[in-house]
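The values are calculated or read from the model by the stated rules, or taken from the named source; none is laboratory data. Note that the coordinates shown come from a computational prediction; the quantities given were computed from them, not determined experimentally. When we count neighbours, we look across all protein chains shown, and the Cβ atoms used for this are built from the backbone with ideal geometry, even at glycine.
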Amino acid sequence: MSVAKCCNNPHFTPDPRSKKLYCKTHFTELIEKRVRKAINKYYMLASNDHIGLGFSGGKDSTVLLHILSNFQKRFPFSSITALTVDEGIEGYRDESIDLTRKFTKKYQIPQVIISFREAFGANLDELVKRSKEKEITLSACAICGILRRRAINLAARKVKVTKIATAHNLDDEAQSIVMNMLRGDSAKFIRLSRVPIEKYKSLHPRIRPFVHVTEPEIVLYAYANNLEYHSYPCPYSASAMRNDIRAFLSKMEEKRPNSLLNVVKLHDSLTKYFPQKIDLEPPFYCKTCGEISTHETCAVCDLLKKLEINKQHKT
């Protein structure tokens, strides 16, 4: 049985969803079409947005910056600033920071770099070591996630962006949905939204334009377009619970293409049943740093207190 081809050019990769062979040019167009479709479907961007893009130098954020910078050329009143967080992971982050500088210079995109040490008084290596000494049952990924979100917000506020774009892909989105289900966390399950939410002035709406693009497709896009990126895995990534969910969903997607997309579509279809008037995020303001929080003390200050880090980061 013959397989349909996009054109007469040498084929580059099959698309499991359409069961069609694509050349590099048409594969590139296919991925960019999926990004545009997600942006339009979930009302992610306006023509005059100042996008703060979380840019680590890895494959996902490098490809997203490449695609959004090409899109942005058609909207002269919009702009992009790369927001890079230096967690302070010895032997890992320095090389990727250099790559981000090289890439943003090439694309003439301004960049803001913020470090954990600058924002919180210690780097991730030190924080992980301190948590083990104090027998705090938080993984390195959990510690990093709490602080990265705050660091990105601080950097975004500094340059006055209107939205924060992250390079979370379809795999990440499906994993988050399933993880919240397995944890029985209905609040997070309901709060997870692909439409940017403008609820509090101090919190920038977040968008995920890769919500319809899989991780393997991003790798292939980078290869097809000769994009250089930092390819070494984070030394702390093995500690994440997400890895178990990733392995399961990856196997399902391999056997049954569209499984990941179906998880997201199911969540989309359920959103109409979610309560619209329940305030799931009480507007507390942290008594230590002044940031908005679900409790009197925010997760960042609570973590730093447990680790006995005395850095004050009041904004």
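So that you can scan it fast, the table gives a plain yes or no per residue for (1) out of contact with any strand residue (DSSP E or B) (no Cβ under 8 Å at 6 or more places or on another chain); (2) modelled with pLDDT of 95 or more; (3) in a helix (DSSP H, G or I); (4) surrounded by fewer than 19 Cβ atoms within 10 Å (Cβ to Cβ):
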| site | (1), (2), (3), (4) |
| --- | --- |
| I152 | no, yes, yes, no |
| A155 | no, yes, yes, no |
| A174 | yes, yes, yes, no |
| I177 | yes, yes, yes, no |
| E198 | yes, no, no, yes |
| L203 | no, no, no, yes |
| I218 | yes, yes, yes, no |
| Y221 | yes, yes, yes, no |
| L227 | yes, yes, no, yes |
The stretch 1-55, residues that are out of contact with any Ser or Thr (no Cβ under 7 Å at 6 or more places or on another chain), assigned to a loop (DSSP other than H, G, I, E, B) and small (G, A, S): S2, S18, A46
For the stretch 63-97, how many residues meet the condition of being part of a helix (DSSP H, G or I) and either modelled with pLDDT under 90 or under 18 Å from L127 (Cβ atoms) (or both)? 3
Failed condition for H267, given (1) assigned to a loop (DSSP other than H, G, I, E, B); (2) modelled with pLDDT of 85 or more; (3) not hydrophobic (A, V, I, L, M, F, W, C), with all others met? (1)
For the stretch 53-77, which residues satisfy the criterion of being more than 25 Å from P233 (Cβ to Cβ) and either buried (at least 20 other Cβ atoms within 10 Å of the Cβ) or basic (K, R) (or both)? K73, R74
In the stretch 98-133, residue surrounded by the fewest Cβ atoms within 10 Å (Cβ to Cβ) [restricted to those that are in a helix (DSSP H, G or I) and polar (S, T, N, Q)]: S131
Just to verify a result, which residue in the stretch 14-39, among those that are among the hydroxyl-bearing types (S, T, Y) and surrounded by fewer than 18 Cβ atoms within 10 Å (Cβ to Cβ), is modelled with the lowest pLDDT? S18
Could you please tell me which pairs satisfy a Cβ distance under 6 Å, a separation of 6+ or placement on different chains, a first residue in the stretch 291-305 that is within 20 Å of C144 (Cβ to Cβ) and free of Cβ contacts under 8 Å to residues at least 40 places away in the same chain, and a second residue that is part of a strand (DSSP E or B) and of a type in the set (A, V, I, L, M, F, W, C)? S293/F284
